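First up is the structure itself, then whatever we jot down about it.
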Amino acid sequence: MSGGPADRAVLSAANISMRYRRGGKLSGSEQIQALDGMSLEVRSGEILALVGPSGSGKSTLARCLAFLERPDSGEVGFQGEAVPWEDVLAMRGLRRRVQLVFQDPARAVSPRFTTEQVLREPQQAWQQRASPQRALDWAQLLAEVELDPKVLPMRARSLSGGQLQRLVLARALVTEPDALLLDETFSGLDLSLQAKLANLVLGLVESRGLTCVLITHNSALAEQLADRSLVLSQGRVVDERSAPDASTGGTS
Amino acid sequence: MTKPIDSNPDPKSPVLRLDRLEVRYPSRTAESDAVVVDGLGCEIARGQAVGVLGESGSGKTSLALAVTGLLPSEARCSMELEILGRPVPAAADERFWRRLRGDTIGMVFQQPSLALHPMRRVGLQVADVLLSHRPWSARSCRRKVMELLDELDLESDIFQAFPHQLSGGQRQRIVLAQALACEPSLLVADEPTTALDRKTEIQVLELVRRLSRERQMALLWISHDPGVLAEITDRIYVMYAGRWMEEGPTESLLAEPNHPYTKLLLDCLPRRKALRSEPLDRRRLTVIPGMAPPASELPSGCRFVDRCPVVTESCGEKPSPVPMGQGRTWCVRAGSTRLGSGP
Ligand SMILES: Nc1ncnc2c1ncn2[C@@H]1O[C@H](COP(=O)(O)OP(=O)(O)OP(=O)(O)O)[C@@H](O)[C@H]1O
Ligand code: SF4
Ligand SMILES: [Mg+2]
């Protein structure tokens, strides 16, 4: 994967900063600088890992790159163009092209919804605007995340942790995004489930030609899965690591 | 009322001795109960840290709840349990257990956010534990809390904070302070650090290890993460579908596992070789094919039989423990053949 469109930036951040105010008696009105002039590019088709300890700004960055939060300053770009934060409709369209998946799938879906309802949510929202004639291929989608179609009528609360995480991945795919952002999606899981889900994501990236941003504090996992890792600390990129031969690239 | 276990026992007896633990839950679908813990035993000496390594659903939490008398009422449990050399009667009532938990056994469980009251100052929440288990004045309880906060490397002004004002690591230390307040002989911990980031997690683990050495406190530490158990334990029991697969000293067990399941599980750790340089279609982590059997369909012999790469005919019988080095392995092939880590 090198040369041509593979090197184009799907997502980018140019000098973005973000500050939160933390209230409360202990901390007074302390300001937290979550992002401090951060710049990075996510190249088309790559798996980019963002690693760093808690508080290093990983999740804030993820929300900015998923267009869910606008930084105080700096620009977020999609396919080489700065995103138009003021243009609400355009932003809605952009949001379906980048999907963010969180760590805790149980919090991401309503426990009373059936699998089918969970998957229909984004489908309905999307079809109104995009291509109404297109039906979703359930069987295909479930097969892609290795879920048994028997789960369709089951409520989310009766699914196992692994099934739930697969469901959340499937939901993220409904809008046919260009990029997936996974925020600690593999954290806190059993080793065997972690490995299975990681392989699933690798397969999806490959078969769908997705771009993937993997946010994790597990640098060993990042080493294994990602083409490139950026190390974050205190709201900045402080280091970049990639495979020794990644710059020469050109493997089949 | 049954006489609670006093805190001045024979120093030579283990802090915990458990045998033949069985936990069942009535099944919603099948006739018979689901057996989620099936005949487990272990021993923990003073100051010793024993880990239980198991995947989700293997029965780890049920084990922790059983030895702390906290199983839900629908659970059916039988066991031979001795704490500090004194048997816990099968008919022990809630009062007995509550006393035991206050004086002798401390506990920390999975979700720290649930353990604390959101609207009460955390220092007072630690003091509450002392007030209900010690005949002390509010003032001495408060002094003791300050000591505890200091021991746990927390600033004293944390006393006045509410839970939401603390970081995950700080909250977890408050929960630990509660568990340690009455200076228990045994601390039972069920994945209390899973929600923390790695750095904070290791800080908390190191802290607990230090305290356990200083106080000669025994630890029963439950986790799905071998990395966590490597930090904190002396000995590890590997659990799968309600049974032990293997147990032994932490270092040898993690470096040279004897049981096929342990081998495969450790192969899933993302560390063996740098996959990063592999092309995407060949970049895959090692997985254990298949899934753990549901509690309603447990195989009668070895529980790992459906997924084991080196299965033989005799695996249909329940494996007995085979001594291996300084540990034991519950596998019919243990010690006989060299077991590969995969087909
Ligand atoms: N109150 C209950 N009623 C019925 N079944 C239960 C109950 N509690 C647990 N179980 C079942 O017992 C088995 C073991 O559960 P347990 O909570 O002990 O596993 P665990 O190893 O702690 O898993 P995890 O890592 O997910 O916490 C599971 O199959 C679970 O569904
Ligand atoms: S007893 Fe048989 S099935 Fe079980 S782990 Fe050993 S070889 Fe595999
Ligand atoms: Mg548990």
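Amide H contacts of residue A:101 (H built 1.01 Å from N, in plane; Pro and chain starts excluded): A:181, A:182, A:183 sit under 5 Å, all sequence-distant by 5 or more or on other chains.
Taken along the Cα-to-beta-carbon direction at a fixed 7 Å, the label points for residue B:278 and residue A:116 span 3.8 nm.
Taking a ≥ b ≥ c as the square roots of the eigenvalues of the alpha-carbon gyration tensor, the range B:142-188 is classed oblate because a/c is 1.5 or more while a/b is no larger than b/c. Placing a label point 7 Å from the Cα of residue B:119 along the Cα-to-Cβ direction, no residue of the range B:166-185 has a backbone N closer than 18 Å.
For residue B:39, the residues whose modelled amide H falls within less than 5 Å of its own, excluding neighbours fewer than 5 places apart on the same chain, are B:21, B:22, B:23. For the range A:63-76, 3J(HN,Hα) computed residue by residue from phi via the Karplus equation (6.51, -1.76, 1.60; θ = phi - 60°) reads 5, 5, 6, 8, 6, 8, 9, 9, x, 4, 8, x, 10, 9 Hz, glycine and proline entered as x. By its C-alpha gyration tensor, with a ≥ b ≥ c as the square roots of the eigenvalues, how is the range B:102-161 shaped: rounded for a/c under 1.5, else prolate for a/b larger than b/c, else oblate? It comes out rounded by the Cα gyration axes.
Using amide H atoms built in the peptide plane, which far-off residues or other-chain residues are under 5 Å from residue A:50 H to H? Residues meeting the amide H criterion: A:214, A:215, A:216, A:230. A simple charge model with +1 on the Cβ of Lys and Arg, -1 on the Cβ of Asp and Glu and nothing else charged puts the dipole of the protein assembly as shown at about 1000 debye relative to its Cα centre. Secondary structure note: in the protein assembly as shown, about 60% of the DSSP beta bridges are antiparallel. Derived scalar couplings between HN and Hα for the range B:232-247 equal 10, 9, 9, 9, 10, 10, 9, 10, 9, 6, x, 10, 6, 9, 6, 9 Hz in order, rounded to whole Hz, by the Karplus curve 6.51 cos²θ - 1.76 cosθ + 1.60 (θ = phi - 60°), x for Gly and Pro.
Shape verdict for the range B:203-329, please, from the Cα gyration tensor: rounded (a/c under 1.5), prolate (a/b greater than b/c) or oblate. Note, shape of the range B:203-329 comes out oblate.
Take every Cα pair under 8 Å whose residues are at least 6 apart in sequence, average their separation, divide by the length of chain B, and the relative contact order is 19 percent. Between residue A:81 and residue B:313, the modelled labels are 7.2 nm apart [label points 7 Å from Cα along Cα→Cβ]. Calculated [222 nm] ellipticity per residue, helices only, for chain B: -8500 deg cm²/dmol; basis is -39500 (n - 2.57) per DSSP H run with n ≥ 4, divided by all residues, nearest 500.
Over the range A:147-252, Cα pairs under 8 Å with separation of 6+ residues give a relative contact order of 19 percent.
Taken as entire DSSP H runs, the helices of chain B that both span 24 Å or more between Cα atoms along their own long axis and average -1.0 or more on the Kyte-Doolittle scale are B:198-215. The Cα-based radius of gyration and maximum Cα-Cα distance (Dmax) for the protein assembly as shown are 25.8, 80 Å. Note: relative contact order over the range B:236-343, using C-alpha pairs below 8 Å and six or more positions apart, is 30 percent. Modelled label positions at residue B:252 and residue A:104, each set 7 Å beyond Cα in the direction of Cβ, lie 4.1 nm from each other.
Please tell me which of these pairs span more than 22 angstrom C-alpha to C-alpha: B:263/B:318; B:144/B:199; A:196/B:199; A:150/B:60; A:196/B:263? Going by Cα-Cα distance, B:144/B:199; A:196/B:199; A:150/B:60 fall outside the 22 Å limit. The charge dipole of the range B:214-285, taken about its Cα centre with unit charges on the Cβ of Lys, Arg, Asp and Glu (plus for the first two, minus for the last two), comes to roughly 420 debye. Whole-Hz Karplus values for the range A:172-177 come out as 5, 7, 4, 7, 6, x Hz, taken residue by residue from phi with 6.51 cos²θ - 1.76 cosθ + 1.60 and θ = phi - 60°; glycine and proline positions read x.
No lab work stands behind these numbers, since they all come straight from the coordinates. Note that the structure is predicted; figures quoted are calculated from it, not measured. Quick reminder, even Gly has a Cβ in these numbers, built from the backbone with ideal geometry, and neighbours come from all protein chains shown.
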